[in-house]
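Worksheet for the structure shown next.
Just so it is clear, none of the values below were taken in a lab; they were calculated from the coordinates. Bear in mind that the values here come from a model prediction, so they are computed numbers and not experimental data. As a convention, Cβ positions derive from the backbone with ideal geometry for all residues, glycine included, and neighbour counts pool all protein chains shown.
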Amino acid sequence: MANQNRAISSFDVIRKLVRNLYLEGFNNYLETGNLGKSSRAFTNNLNSIRNFLNDRFMSSKTNTKKQSNPVISFDTREETENPLFALWKTSNSIASNLSFDFAIMDILEDYPDGINWFSLTSDSYSTKHVDLLGKYVSKGIDKKGVKVKLEKLAEAGVIEFSEDKKKIRKTDTKKLKQLLSSKEVKQAIQFASETCPLGVIGSFILDSLSNVDSEPLNTPIHYKHHFVFNSIDYEIMYILLEAINEKCFVEIESERFGLRTIVPLKIFISTQTGRAYVVFWNKNEDMLFSENLELILAAKKSEICSEYELYKKKLSEMECHMWGVSFKMEKTSELEHVRFVIEYPTEREKSYIPARIKREAVTGAVKELDDCHSEFSADIIDSNEIVPWISSFFGRITELEFPYASRIKEDVSLLAEGKYREEGTETQTKTEPYEQTIETKNTPLFNSLYSTYYLAIRNILETYITNNKQPLSNDTITKLIKESAYIESPGELSDLIFNKSETTTIFKAIQNKVSSPINHIPDFPLTTIELRFLAAILQDKRVIMFVPHKIIEELHQALKDVKPLWKTEDIKYFDQNKDGDDFDNKDYVLLFQTILNAINHKKNIHLIYGRKNNSDIFTPTHLDYSQKDNAFRLFVKELKYPINLENIKSIEITEEDPKKTEKSTFYETLKVEIFDDTSRKYHFNRAIRMFSYFKKTCKKTEKENTYELTVDYDKSDESEIVIKILMFGPNMKVLEPKDVSYEVNQRIKKQKELGI
């Protein structure tokens, strides 16, 4: 069992397999492509992933061929921490490295000013060090070997060499850790880990802080429109952001284009699908391009680009004409003009349709023609990208002018006749696995220092030292391993703890009980990448809202010499709604912090809210954040629907009890068919990503190029569901529920009547 649930040496193994299991989940190992050389390799890798995700997030289902296939599925609204972060903690941890690292940390606790590192390999150091490191020396880890291990720790930032490279000391981050240990700061880090780039680093930091303050975090934030799967591409994103920061070339290898040398300029992220893209300059073709990070197999930084600012300027000039991430392949291509008019004749429609157009328009101009008509116009690089958005207004379009107008009209005609694009008969073809020629070496993100097994060892040693170094029983050790290391521990971890490894120095097993020469509760300093992540999130207005101003100033001072992992301008959420919450507003910040305080201390609140200035007392349960809306909503026990924070006029913590009764949320099941007329599964891939934050299942049907997708959604989100469906035109058919099917059909019928 231990061999089947082993840690993993490269994140690429996880990345390829998890994408298939999470986004599709209906393939068996023979259909997954280049995910393992054999069924045995597939099974071993699958067991490793199952070890960390467990049955809560992984299950099996039967496909059309009566085969049982694994699938990863969960409702992101119910998860306050991305479950896929666990996979980043599978990094292989060699027993000797684990033992060495903990031993060094313990020794350096006694030498705050440093110690000559070479003395660790001589006969001159104290007896207590013999207990910790003597076995390394006696078993052949010489001075050179010790220095290599120390250099790796220094590279991670947990120890520092003196200028002459003779002495080492532990990096001092104790004061910073204490500063980070308050509930408000930890909640801010938790929020950043779910909403910021490279968010798994926030999870590493919280793991590091877990023994600073034993109080559980109990985060009050849930998430809507939360695309957790993009976290499996963080290694690629890290390399690209580093290159943007350093203004250098990157050699990438993608499934579409093979090998290219590029100048990465900015990361574009879709809040509709969760996909992340790198926009870059291709010097050979002297043009801007973009590439989906999912398709980049490997990346490697190269030399500095002397013309970086010139390429950055070219992108800035074009951004105002970009709807998404597409660029025309011809240099001389002209911009494409888009114009359409939308009507909203009822009073109810007048209250939200004009605002929706302004809110969702990525670029262009919106003009209100009269009290029931609005005009949108824009000059866009590729107007094909705007087709789904225009389609979402079916039932309201009275005028339409743009290069793909005939396609829109054809879609309406097909749908009005109850027809879908089912007639595509192109055969699904298997493509040959692409043979990579470059590799992405594991970045600091996938490092044994952040592995679950380091955390397990730390917790065992902390328990041992806290209990006055009383030997721990096998049962206690096993319990602590299972709590920290998920279902199974790898064999090397068990060997280390139960003293089966020849290089073990930090555990001694005698008569089924375990002791240790470690004298201090293990406390690894924050690593360089963790410090850089903290410096980056301090730029984020949403994050610093959680924390009192005084602590923010102290954090800025503590991190003043730390280079952020990214700058705000390096990331663009290109289809994010424009009317998000005002995080700069002092009254808004006060409102947010009052709600946070009430939730943290289990207090009731008195609210005045809404257009009619409703006045009620509520029990707040949690806040909900949407990346797409860039806004928070408040959930209370007494209301079925959330309250937008922007609609709250005043708030007061109160000892009074609510008068309203608790109402439950009603969930509905959506089942749709997706039709793809090509083997690329374009529409299926877009749909599975757009609905990926719901708990879902998907399967192939008996019909060629046809798939069935089932999701569970909150009844209050039904209007949003209808809009998503309309965006797919005749490539998506609603099977259930009847209410959604009826609404979609009514929109199409009305659009046909409008003549478009």
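A cut-off of 5 Å between modelled amide H atoms, ignoring neighbours fewer than 5 places along the same chain, links His622 with Phe635. Suppose each label sits 7 Å from its Cα in the direction of the beta carbon; what would the Lys567-Phe666 distance come out to in nanometres? Between Lys567 and Phe666, the simple spin-label model gives 5.1 nm. Quick one: net charge of Glu652's neighbours, Cβ under 15 Å, K/R +1, D/E -1? Neighbourhood net charge equals -3. Shown here for the stretch 191-295: chymotrypsin sites (Phe, Trp or Tyr not before Pro) in loop regions (DSSP other than H, G, I, E, B) with at most 14 other Cβ atoms within 10 Å, namely Phe257.
All other residues whose Cβ lies under 15 angstrom from that of Lys563 are scored, Lys and Arg at +1 and Asp and Glu at -1, for a net of -1. Can you give the FRET efficiency for Ser59 and Lys715, using 1/(1 + (r/R0)^6), R0 = 22 Å, r = Cβ-Cβ distance, to the nearest 0.05? Taking R0 as 22 Å, the efficiency between Ser59 and Lys715 is 0.30. Taking amide H atoms as placed 1.01 Å from N in the peptide plane, the amide H of Ala298 lies under 5 Å from those of Glu253, each 5 or more residues away in sequence or on another chain.
Taking Cα atoms only, the orientation of helix 95-109 departs from the longest principal axis of the chain by about 70 degrees. Taking K and R as +1 and D and E as -1, what net charge do the other residues with C-beta under 11 Å from the C-beta of Ile201 add up to? Net local charge, Ile201 excluded: -1.
With θ taken as phi - 60° and the Karplus curve 6.51 cos²θ - 1.76 cosθ + 1.60 applied, the whole-hertz 3J(HN,Hα) list for the stretch 375-390 is 10, 10, 8, 6, 10, 10, 4, 9, 6, 4, 5, 8, 3, x, 5, 4 Hz, x standing for glycine and proline. Each residue of the stretch 70-81 is assigned a 3J(HN,Hα), and the resulting list reads x, 8, 9, 7, 6, 8, 5, 5, 9, 10, 8, 10 Hz, derived from the Karplus form 6.51 cos²θ - 1.76 cosθ + 1.60 (θ = phi - 60°), x at Gly and Pro.
Spin-label model, Arg407/Lys441: points 7 Å from Cα along the beta carbon direction are separated by 4.4 nm. Whole-Hz Karplus values for the stretch 340-351 come out as 8, 10, 10, 10, 8, x, 8, 4, 5, 5, 4, 6 Hz, taken residue by residue from phi with 6.51 cos²θ - 1.76 cosθ + 1.60 and θ = phi - 60°; glycine and proline positions read x. Using the Cβ-Cβ distance between Asn613 and Glu375 with R0 set to 25 Å, the FRET efficiency from 1/(1 + (r/R0)^6) comes to roughly 0.15. Between His321 and Asn597, the modelled labels are 5.2 nm apart [label points 7 Å from Cα along Cα→Cβ]. The stretch between Thr697 and Thr261, if pulled fully straight at 0.36 nm per residue, gains 153.1 nm over its current Cα-Cα span. The long axis of helix 234-246 is offset from the longest Cα principal axis of the chain by roughly 90 degrees. To the nearest 10 degrees, how steep is helix 39-57 against the longest Cα principal axis of the chain, on a 0 to 90 scale? That helix lies at roughly 80 degrees to the long axis. If each DSSP helix of 4+ residues adds -39,500 (n - 2.57) and the sum is divided by the residues in the chain, what number results at 222 nm, nearest 500 deg cm²/dmol? Estimated from H runs of four or more residues: -10000 deg cm²/dmol.
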